[in-house]
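The values are calculated or read from the model by the stated rules, or taken from the named source; none is laboratory data. Not measured: the values here are computed from a predicted model. All Cβ positions, even for glycine, are placed from backbone atoms using ideal geometry, and neighbour counts span all protein chains on display. These accessible areas exclude ligands, DNA and RNA; they are computed on the full protein's heavy atoms, side chains included. Shrake-Rupley method; radii C 1.70, N 1.55, O 1.52, S 1.80 Å.
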Amino acid sequence: IWGSHSEATLKMRIQQTGNFRELLSVIGKFDTTVKKKLENNPSNAKYVHHDVQNEIINVMAEMIRKQLRDEIKDAEHFAILVDESKDISKKEQISVIVRYLNTESERVVEEFLHFTPADGLDADSLFASIKQTLSRCGIDLNCCVGQCYDGAAVMSGCNNGVQELFRREVPQAVYIHCHAHRLNLVLVDFVHNVDAAAEFFKTLQTLYKF
C-alpha cells in the first residue's frame with residue numbers, strides 16, 4: 001500500500017508544472033489564443049519562465065498599488081496598521097496595511113499594502129521602513145491620521161517608540177493599541193489562570209519543543 005501511494009504521489013508531482021503553468025493550461029481550454037501559444041510557440045518563446053512570472057506579478061502588484069493610492073488620495077486621510085512577522089526563512093517582514101474611507105462605496109476598508117524586509121528591529125529602522133513603504137507606494141505620510149501597532153515597547157513606546165517618532169513628523173497621527181493584540185493578551189492571561197487549559201498548553205509547548 002505504501003509503495004503504491006508513494007508511486008501515485010510521485011506521478012502527481014511530476015505531472016504538476018506549477019500554479020502559473022497549470023493556470024495557463026486551464027485558461028487555454030477556453031481561450032484559443034493562449035492554447036495556440038502554449039502548444040505552437042517555440043520552447044524559448046512560451047513566456048512561462050520564472051522571470052516572466054515575477055514580472056507579471058510585479059506589474060499586477062503595481063496596478064493594485066496605483067488603485068489604492070488613488071483611493072487614498074480621494075479619501076484625503078488614512079490610518080496605518082503595522083506588524084512584524086517571520087517568513088519561512090526566519091527573516092523578519094514588516095506588513096503594512098492601510099485603513100481609509102472608500103469614497104465610491106462609502107465604506108471604511110482595510111487593504112494590505114506591502115511586505116518589507118526588516119533591516120533592523122529598533123524603532124528608527126522600523127520607522128524608516130514604514131516611511132519607505134509609503135513613499136514607494138506614492139502615499140503621502142502627512143495624510144496619516146492614525147497608527148496602530150501591538151503593545152511592544154519598540155512600537156508603542158511614548159518616548160522613543162515608532163509611534164512617537166511618527167508623531168514627531170506627523171503630529172495628528174494618533175496611536176491606537178491594536179485591539180486584536182489586546183484581546184490576545186487577555187486570552188493568554190485568562191488561560192494561564194485556568195489550570196486545565198494551562199496544563200494543556202504547557203504539554204503542547206513541550207511537544208512542540210521536542
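Assorted remarks:
- Antiparallel DSSP beta bridges within the range 52-150, percent to nearest 5: 80 percent
- Taking a point 7 Å out from the Cα of residue 118 in the direction of its Cβ, the residues of the range 60-96 whose backbone N falls within less than 19 Å of it are 80-96.
- Most to least packed among 180-188, 114-122 [average Cβ atoms within 10 Å]: 114-122, 180-188
- Between residue 87 and residue 174, the C-beta separation translates, for a Förster distance of 25 Å, into a calculated FRET efficiency of about 0.25.
- Relative contact order (percent, whole number), the chain, Cα cutoff 8 Å, 6+ residue spacing: 12 percent
- Annotation: per residue accessible area for the range 66-185 equals 57 Å², rounded to a whole number [probe 1.4 Å, protein chains only].
- Less than 5 angstrom separates the built amide H of residue 174 from those of 146, 147, all sequence-distant by 5 or more or on a different chain.
- For residue 127, the shell of other residues with beta-carbons less than 12 Å away shows a net charge of -2, using +1 for Lys and Arg and -1 for Asp and Glu.
- Projection of the Cα convex hull of the chain, averaged over all directions and equal to a quarter of that hull's surface, yields 19.5 nm².
- Out-of-range pairs (alpha-carbon distance over 24 Å; input 90/209; 29/66; 86/131): 29/66
- Enclosing the Cα atoms of the range 120-210 in their convex hull gives a volume equal to 131 cubic angstrom per residue.
- Given +1 at the Cβ of Lys and Arg, -1 at the Cβ of Asp and Glu and no other charges, the dipole of the range 53-196 around its Cα centre is 140 debye to the nearest 20.
- From most to least packed by mean Cβ count within 10 Å, the peptides 134-145, 28-39, 189-200, 88-99 give 134-145, 88-99, 28-39, 189-200.
- Added length on full extension, which subtracts the Cα-Cα distance from 0.36 nm per residue, residue 140 to residue 158: 4.1 nm
- About its Cα centre, the range 138-210 has a charge dipole of approximately 80 debye under the convention of +1 per Lys or Arg Cβ and -1 per Asp or Glu Cβ, with nothing else charged.
- The DSSP beta bridges internal to the chain are antiparallel in roughly 70% of cases.
- Estimated FRET transfer efficiency when R0 is 35 angstrom, pair residue 53-residue 76 (beta carbons, to 0.05): 0.45
- Stretchable slack from residue 44 to residue 128, in nm (0.36 nm times residue separation minus alpha-carbon distance): 26.0 nm
- Within the accessible area of the chain (1.4 Å probe), percent carbon and sulfur: 57 percent
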